[in-house]
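What follows is a set of notes on a single structure, which appears directly below.
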Amino acid sequence: MSRVYLIRHGQAGLRHDYDTLSDLGAEQARALGDWMRREGIKPGRVIAGTLKRQIETARIAVGEPEIEPRLAEFDLDAVYKALAPHLVRDDEEFRTEYAALREAVKLADAPQHRQWTKTDVSVFRAWYENRYPFDGESWSAFKTRVQASMELCAAVGAEEQVAIFTSATPIGLWISAILGTSDENAMRLAGACYNASVTTLRVHRGDVRLLGFNAIAHLPETQLRTFR
């Protein structure tokens, strides 16, 4: 039977330069590659989304990937730029927290660089619920795009191994589609994904099943286990 390995990118950069790999992210990618070789995982295809952090994780771990735009994460920076002003206007608590966040992240060692904050949740929810006008990609369009990328599984050959490097929300959406569960659960799955974690799918005669989720056996040291 064939295997598809869904892999989240390594730890990214700071908030102002998020689409990069941090030094720790590169270390996670090297540990992932070493583990795959020890396990005898030899992908016949290596695929990544268009984001630098996805591509660089693939390069470090296993080699140059094919690029698949449908595997890219949604653009949180664009969502913030468009929707934060509406929330600042309408929500006093958000206005206060957002000002504090912007001040805090001026420092490179601010913990907010590595946390999913209340303001992130508020902005995401406003986008997810289509609460304000937004010229960019909607949640519905994003979900449709990502789930369309699941057709990659149909091209997997018998006994083939495929490594797909993507991000947390696409992984959550893939798994929620396989399990037939809700968008809310897709987001919970995304929130649980460690950087450089491995989710394993079995593909057999067009049937795709979940074999393992969010594995981090290759990250035995606590400092290597990160979420953002």
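Extension gain for residue 115-residue 185 works out to 23.2 nm (0.36 nm per residue, less the C-alpha to C-alpha distance).
Where only DSSP H runs of four or more residues are counted, the chain gives -13000 deg cm²/dmol as its mean residue ellipticity at 222 nm, each run worth -39500 (n - 2.57).
Gain on full extension, evaluated as 0.36 nm per residue between residue 178 and residue 155 minus their Cα-Cα distance, stands at 6.6 nm.
Shape summary of segment 107-184, radius of gyration then Dmax from alpha carbon positions: 16.2, 51 Å. Inter-part distance, segment 46-70 to segment 162-210, computed on C-alpha centroids, equals 17 Å.
Computed extension length for residue 89-residue 107: 3.9 nm, one decimal, from 0.36 nm per residue of separation with the Cα-Cα distance subtracted.
In segment 86-115, whose amide N lies under 18 Å from the spot 7 Å out along Cα-to-Cβ of residue 227? List them in ranges. Only 110-115 fall inside the zone, counting backbone N under 18 Å. Relative to its residue count, segment 95-228 spans a Cα convex hull of 131 Å³ per residue.
In terms of its C-alpha gyration tensor, segment 1-51 has an oblate overall shape, because the principal axis ratio a/c (a ≥ b ≥ c, square roots of the eigenvalues) is not below 1.5 and a/b does not outweigh b/c.
Here, each number is a calculation from the coordinates, and none is a lab measurement. Every value quoted in this text rests on a predicted model; they were computed, and no experiment measured them. Note that each Cβ is placed from the backbone with ideal geometry, even for glycine, and that neighbours are counted across all protein chains shown.
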